[in-house]
Structures are given as C-alpha cells and as structure tokens.
Amino acid sequence: MASLSPQWEFLGIQFSLTILLISLLVVVLIPIVLSRVLVASTSKTGPSSVVLLAGPREAGKTSFLLYLQEKTLVATQTSTTPSTVKLSPTALESSKSEDGDSSAFGKPFHLKDTPGHPKLRSFALTTITDPTASCLGIVYMLDSAAIIAQPRLTDTVEYLYELLLAVQKRYTVLSETTTTAEPIPLLIACNKNDLFTALPSAKISSQLQSELGRMKETKRKGLLNAGAGENDDEDLEQVLGDDRSDQITWEGLREFGVDVSLQSGSIKSGSVGGWTSWVSECLEA
Amino acid sequence: MLDLFEVITTSGVVLWSKSYAPVKTSVINSLISDVFIEERTQPGSEGKWFKKDSYTLKWTHAADVGLIFVAVYQSLLQLTWIDELLDKVKKLFVTLYEHEIKNSKGTKIQCPFDQYFDSIIRSLERKAVGTVASRPTLENTNLGAGGKVLKTDPLNTEAKDANREEDWLEAPPMPGVNTNASPKSRVPVTDKLPTDPTGIEITSASLAQTLLQPPGRRPGRARRSRKSTGHSGGSSAHASSGEERSPARVNSKPRRGKEMRVWAEDGIAGVAGEEQKLDYSGAGGISTDEEHEESMRPRAEAIDQSTWGTTTSQGDFLLKDLDYEIDDILKKANAKETKEEANKTGPSGLASGLAAGAMGYFRNFVGGKTLTKEDTEKAIAGIMTHLLEKNVAREAAVQICESVQTSLTGQKTGSFQSTESLVRIAMEDALRKILTPTTSLDLLREIGQVGESESRPYVISIVGVNGVGKSTNLSKICFFLLQNKLKVLIAACDTFRSGAVEQLRVHARNLKELSEREGGVVELYEKGYGKDAANIAKDAVAYAAGQQFDVVLIDTAGRRHNDQRLMSSLEKFAKFANPDKILMVGEALVGSDSVQQARNFNAAFGRDRKLDGFIISKCDTVGDMVGTLISMVFATGIPVVFLGVGQNYTDLRTLNVKWAVGLLMS
Ligand SMILES: Nc1nc2c(ncn2[C@@H]2O[C@H](COP(=O)(O)OP(=O)(O)OP(=O)(O)O)[C@@H](O)[C@H]2O)c(=O)[nH]1
Ligand SMILES: [Mg+2]
C-alpha cells in the first residue's frame, strides 16, 4: 500500500494521497448529489422537445391536450397555470392506443398548454423567447365561431401579433449566433367548426392577415412606450415583418422565422386529424 | 340546495364534478377570471364569495397540489354548511388522490369520488338539522317507555313526502363501496367508549323526558336557539332547511349500535349536552372546529349505545362504513395539520429535529425545499418594505404580498435557488399580472373600427379632480390623433370654472396651427358657461356625427372626488354623451389620495359604467410615480392608457409593463 501512494505524517496521523483525493472528491460531489436527490424530478431544466399550445381564452387548448390523452371532449374551465404533458407519438393516432405499446414508437414529446387570459400570456411568450427551451412548433388555437364578434377578433389577433413578434425576436437572435436558424412551424388551428356559425378557414386566414396588417399600422403610428430608449438595446420597438409595408402575409413572415399554416377542425366532433398530422410532421422535422 | 360542485386543476381540467342542476361553464369561468386571475373581489365579499347570475360561488384552494374546489348554489338559499363542505371535500380529495394528482401533472385522473361526496353532504345536512331544527323532528318521533323502541313509520312516511318534493338527493344505492375501509378503522371508536373519562351516563328515560319537553319550558332554549339560527345565516336558512332536512331523515333510519354515532353526533348529541351543543353552534353555526367535535363524540356514543339500537339494511351498513372511512381520513388530515402546527412551535424530538434542521439547512441553498409560510415570511417582509419605499399604498402592498405568499406556499424551490429569488420572481409575476391590461388599448384601431363599422364618431371623455391636468392631457391626445390625420372635435363641457373654455380655445388654435400640414382637422365646440354639461356633450356628439368627425374629445369640469353633488352629475353625463372611453386623469404625486380618487370616479358613472383607463399626469416631476400607479390599478383593476411625461404636446406615452415592473423592483 505504502509503495503505491506517497504518504505523509502529520500530527501522528498518516495521510495517503488516495484518501486525500477521495475525501476531496466527496466534498465536491456531496452538494451536487444532494441537490440531485433533493430537487429530484422537479428540476427546472425544460424538456427538450416542446410543442407549444397557445391561443385566446376558451379556444379549446386544454380540451385539445386532454383529447390527445382521452380521445373525448373532457370538461374544462379557464386555465390559470400552464401544464406540460409528456406524450408518446401514439397519442396522435385517431384511436386510443393500448398502454403497452406506447414505448414502441418514436420519441416522446412534450405538449405545453398555456392559459389564454390576457394577463397570463407571458407563460406562452416566454416559452418562445427563452433561449434554452427548444420549441419545435406552436399550435395557435382559436374559436372559429366566436371570432365573428369584433372584441373577440381583436383579442385573437392581438395575441397572435404578440406571439409572432416573439418568434421573430427569437429568430433574429438565433440567426445572429447560428447560421442554421430554421423557421418555427406555427399551426393556426381553427377549432369548433362543428358550430354552424363557424367561419371557414379560408375566410379566417384572410381576415387574420388583414387584421394583423392593420395592427402593425396602428402600432407603428402609435405613441412611444414610456421608458423606451432608456435602455435602448432590446426594448426598442420592433414591428412585425418587414418595415417597408404594413401588409402582412403568411408567405412574407417566412423570412422572419415563422412558417404559418392553417387548418380547421373540431375537438367536439373528433375531427382533429389535420392538427395531429401537423404535429407529427413537426416532430419528424 | 347545491347546484354544482367541481374539483378543478389550476391548469383547467375538471377532475371531478357533481351537478344537481345544469349550470353554464361560464359561471365558474368568470369566477376564475375575475377573482383568481384579475383579483377583483366583489364589493362586500372580502374574497369569500362570488355572485354571478343567480348563483353564489364559494371556493377553496389546495395550493400544494394545484386544485380549486368550487361550490355553486342559488343565491336565494343561504346554505350555512358550504364552507365546511369545501373544507371536508378538500381534505378528503387531497388525501385520496394526492399521489395521482402529483403524477398526472395537471391532466385528467380517475377519481371515483361520488359516494364519498354524497356521504359528506348527508352528514353535513344531518348536522345542519341538528343545529338548526332538531327539536321538531324529535318531538314527532315516538319514544317508547324503555327508550329503546323508535317508531320509524312517521319518519318514513314524511320522508317519502319530502322525497317527492325534493328528489335531488335520494339515498343512492351503494354498490361495492368501501373496498378500502378496513374493519380496523371502525374499531377504535367503539373501543374508546368504556375508558372514556368524559363519558356521561344519561339514562334513556331522562333523555326521553328531555326530548319530549315542549320547547317553551326548557330554560334558555328559545333565546339560544334563536341565536344559533342567527349564526346559521338568518331565518331563511331555517325556512329552507325544512326541505333540506328531509333527505337527512331519509337516511337516518335507526341503525345498529355504533352506526348511530354520526346520527347522534349531529342531532341528539346536541340535545343531550345542551350547554355544549349551543356553544358548538355558537362557534359559527355549523362549527368547523373539528377538535370540538372530537370532544363531543364520546358523550354522544354513550347515549346511542343505550338508547337507540335497531336493525339496519345491508345498504345502510355499507353507507356507514364509508362514513367511517371518511371520518378516519379527515381525522388523520386534521391530526397532520395540528402536528405541523406543533412542529412549527418547537421540534418534538431532539434527534429528529436536528436531522430535519440539517436537511432544511441544505435545502436552503441547494434547492428542492418545499416552502411553508414561515420560510417566505422574511423575504416577503423585505419585499414589502421595498414596495412601501416605492410609494405603493400600504393596503395594496399588503394584499399583493399576501397573494404572492399564498401562491408560494407549498411550492418547491428549484435547484440552487434561494427562497429570496423565488419570492422575487413571484413578485415580478404578480406585478406584471396587475399591470397587464385585459383588453386592447389600441386607440387608433378602435377609432378606425367604430368609424368603419358604425360610421359614427368615437367619443372620449376626460374626467378628474381640479387642477390635475385634464385639458393639457386632452390636448396631447388631440395632437396625437391629429398626427394620424383624424378629424377631431373638442367639446368644452367645463361650464363651471371661468377661463376653462378660453383655455381650450388657445389649445385648439395651437393644435390647428401645428397640424395644418399633417392633414388633421380640429374644431372646438363651445356653448359658454352655466349650461348643463351633459346636454352640451350630447349636442356635441350629434354635431360631430353630422359633420363626419372621427373623434369627439370631451373636457369636463374638475371636481373633488368627495363632492357628492358634482360627482352624481357624472352619471347623467355618461348616459347622455355615452362615451366609448372615459379616462380619468390622476396625478402620480406622493401623498395625493389618487387611489381614493380612482375608486370614487370609478363608482360615479352608475352601475353599468366604469372608468376605462387612467392617464397618469406629471410623471416627469415625480421620481417614483410607479408606486402610485400600481396602487391605483390594483385598487380598481383599470389599466393605465397614457402617461403624461412633460409640457409639450408630444409628451404623451403608453405604459410599458416590463419597464414599470423593472422600476418597481429595482
Ligand atoms: N362546440 C365546441 N366546443 C368546444 C370544442 N372544443 C372545446 N370546446 C369547448 O370550449 C370551451 C373552452 O375549452 P378549453 O379547452 O377550456 O379552452 P382553453 O383554450 O383551454 O381556454 P383557457 O384555459 O381559458 O385559455 C369548453 O367548454 C369546451 O367544451 C369544439 O370543438 N366544439
Ligand atoms: Mg385552458
């Protein structure tokens, strides 16, 4: 033993280098291990592959999440906190799969449902802007029937505008640091088309684009924010899309980091095939 | 009776619900948006109830598992046991499904809770009968000489009658209940009996006598029962309990031995120990004081054992088992609670205390600590002082801190996250939530929409106390609108203060000059002094509609917010001018009563009209105006539309929430 590692004698106690190293290691490792043990599963490091569910109040986001799990319309109330659920790709199939084979197919993904109340939209917006979270895609859900009323339309468009702006900001940051910044796919899911008052998706698409354009115009013409320019780096007002015109088109947004598509469906009548296949594609890409 | 009971996760999933009558989902949704998200409690409710349509809603949170329990009932009924129901259901539900809920991460779980719930409801109703109106029921019953025979026929027939009237709660069949309740859980209660030192022997004969005495002759009874009725919510509770009582009776057919416990505890126990019973109801109608209930229990048993004892059906037997299981769980939950209380005051064992202390110490800086109210106390106090230093009104600061503290209790700290930083983040979130408006504040867009779809001018009126800068801010808004090539009519409706009209005339002339090359058009509508402002405003709007103006800006007379006479004229004004937006100008000055101003102006426009926004003036002269600003928004829930930051027409800004939160937290 003595021949293998050098020894010192100090106050009559013998120290071997091995023991010294081991104890050092222990001292270093204990806090790390402890934190692992104590914090366990509740660690804050975000899941690697997230599909974000956003949209105005009462659109059916929570219902969609639950539909993927239960394959039926489950009763819900207004959400006040986000919830992230780990799903296996089999959840995207039309019928409820058996529990056993869930691990057989593909990598699981996370679906993050966020509240739609105007005061709680930062949950969704920070998910996009947070550089550590890898957001694979965004499902923006809206109520195709309620959108007829002006206040609801304004609300829906305003949230969409903020969301697109957040995506754009993220894209600008990303393309400065990396060369391979891909646009984020965003699905506008027009829910509740089982209702006879529901607008067709083509109509919603054109209405959203023109309303977004108008919003861009008034935002540009509007007053300055208080405090704008004080810390002039990030808070500088940014407009959605290019600053040459107030027009907004889905194609035009592509170069600003978002790939928009639009599909009607209904959770109530179970016609969510378009959305689920969109999510599958999103996972494969 | 109850219309709906729901157990909801904060993520919005209805985990379990029981509905007795159809209730629209929007009822609970508005509770969630108004009270939980926007923190607007209804006047007089102190956050204890919420009224919507014809319903009253009460609720309780289980923050650690992220659940909300909501009870919905008709406001006409004054149900006194709702609080206790919520409390019991919460404890039971959390104990039963805690594990699943934590695993499910806020999505659906299977929870066969129906029979537990029915059982709790039954026992509460029986108890309500016991406290409020047990006497008449008992006098109807026929006690035999030995006190052993209870004739159930009159009860049953009555019960059937009641059932026909109110079939909302038929004794449901209970197939296959009680798979978990071990026989053991039932034993201790009976075992305790002989050894219980407080047990009082009451002979059945004396009991019968007590029971059969006419109400008037019992000393002190009338007064006291009135008192207890008062406690349980007034006479209407009494009246409605007539119906509520009956189902209880349906289920209270005599049962064997130990099964009588609950029945007795609810009704007879009170009669036997008169003093205790009345204290008991005095402690809040149907007392939620479980310990007191505990102490009542043995005595009650002494009575039933000797007095009541007949047969029972198989169904009833199962039913009682469930009751025992529930009792057991609730008792454990309460015991846990008291133990936690005790732990807070002092460590029980030295060794375990040390171990726990060491763990807690590590967790303090390693993370993963589950926060209790005490843990956050210090950090919260610190942040409260900070808010007060920033001129946040004390009332607002206290409430904001409280809600942050409640939201944190039961949460786990992240890895290497200190309590302080968690509190700080939570506080930032709370402030952001308060300042974020719930509706769009894009004025230009709204003006465009109104013009397009309704082809009428958009009407904005400005109110506020004297000398706060109404006319100045009005001109700033006007300048902003003119720059956007809109056609604006300024209506001079301050017919009170001399010089007011002239002041506006100067502004109008300036604005005209400034905006000539921009393409905007401005005109002043004036009718001199002394006339009724509401009428002038109405005429101005009509004139503007005729002349194709885009916007009407109405200046009003400044008034003290505690001047009853002038304030009351605002209601008529709002009706006549029917403005799209009523904006109040408030000063950000420290020590000004801006919060009270905001409250009074908000209430001045009648029942269905509120303020739409604030313009905070003189932000340039006041260093820490954000404190006042957040107090005003917090007190009223009304957003800040504009900030006045200087003397020029261009010195108008919108509020940037992020910036304001940053200022407050710095
Ligand atoms: N008719 C119809 N109703 C639906 C459909 N999908 C959802 N709903 C209903 O819409 C309401 C709102 O659904 P939620 O899933 O709670 O909406 P949300 O988007 O999560 O709303 P927040 O949590 O407030 O943001 C519920 O009452 C659903 O039953 C649908 O396809 N058709
Ligand atoms: Mg939801």
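Side notes on the structure shown:
- On full extension, the segment bounded by A:ASP194 and A:ALA149 gains 14.4 nm, given 0.36 nm per residue less the C-alpha separation.
- Across A:LYS192/B:LYS105; B:LYS90/B:LYS378; A:LYS86/A:LYS203, pairs whose alpha-carbon gap is larger than 31 Å: A:LYS86/A:LYS203
- The simple Förster model, with R0 at 22 Å and r as the Cβ-Cβ distance, assigns A:SER94 and B:GLN110 a FRET efficiency of 0.45.
- Mean partner shielding of peptide B:440-448, defined as the number of other chain Cβ atoms within 10 Å of each residue Cβ, is 5.
- The alpha-carbon atoms of segment B:551-644 define a convex hull whose volume equals 98 cubic angstrom per residue.
- Mean per-residue shielding of peptide B:3-13 is 6, counting Cβ atoms of other chains within 10 Å of each Cβ.
- Separation in nanometres of the label points that stand 7 Å from Cα toward Cβ, at A:SER23 and B:ARG607: 8.0
- Two-site FRET efficiency, A:ARG254 against A:ILE30, from Cβ-Cβ distance with R₀ of 56 Å, rounded to 0.05: 0.65
- Divide the volume of the convex hull around the Cα atoms of segment B:441-656 by the residue count and you get 114 Å³ per residue.
- Each part gets one Cα centre, and for segment B:511-550 versus segment B:24-74 those centres are 45 Å apart.
- Using a probe of 1.4 angstrom and keeping all protein chains present, the accessible surface of segment B:441-656 works out to 40 square angstrom per residue.
- Extension gain, B:GLN503 back to B:LEU76 (0.36 nm per residue minus Cα-Cα distance, nm): 148.3 nm
- Other protein chain Cβ atoms within 10 Å, averaged over every residue that makes up A:117-130: 3
- Whole-percent carbon and sulfur share, accessible surface of segment B:441-656, 1.4 Å: 47
- Dimensionless Rg/Rh of segment B:2-129 - Kirkwood Rh, Rg from C-alpha atoms: 0.94
- Segment B:431-455 and segment A:175-220 have their alpha-carbon centroids 20 Å apart.
- Segment B:463-503 versus segment B:597-656: alpha-carbon centroid distance in Å: 16
- Complex-versus-alone comparison for segment A:192-220, residues with a loss of 30 Å² or more in accessible area, probe 1.4 Å: A:ARG214, A:THR218
- Using a 1.4 angstrom probe on protein heavy atoms only, the contact between A and B buries about 4500 square angstrom of accessible area, both sides summed.
- Relative to the current alpha-carbon distance between B:ASP624 and B:LYS485, full extension at 0.36 nm per residue lengthens the span by 46.5 nm.
- Each peptide in B:76-88, A:109-121 gets a packing score, the mean of other Cβ atoms within 10 Å over its residues, and the list from highest to lowest is A:109-121, B:76-88.
- Computed FRET value (nearest 0.05) for B:SER440 with B:THR338, which takes r as the C-beta separation and R₀ as 60 Å: 0.75
- Of the peptides B:503-516, B:455-468, the order by per-residue mean of other Cβ atoms within 10 Å, starting with the highest, comes out as B:455-468, B:503-516.
- For segment B:441-656, share of DSSP beta bridges that run antiparallel, in % to the nearest 5: 5
- Positive-pole candidate from B:ILE462, B:PHE496, B:VAL541, dipole of segment B:441-656, charges at beta carbon: B:PHE496
- Rounded to the nearest 20 debye, dipole of segment B:2-129 from Cβ charges on Lys, Arg, Asp, Glu: 140
- Where labels lie 7 Å past Cα in the beta-carbon direction, separation of B:THR650 and B:SER407 in nm: 3.8
The values are calculated or read from the model by the stated rules, or taken from the named source; none is laboratory data. On a predicted model such as this, the values are computed, not experimentally measured, just so you know. Don't worry about glycine lacking a Cβ; one is built from the backbone with ideal geometry, like all the others, and counts go over all protein chains shown. The accessibility values were calculated without ligands, DNA or RNA, using every heavy atom of the protein model including side chains. Shrake-Rupley method; radii C 1.70, N 1.55, O 1.52, S 1.80 Å.
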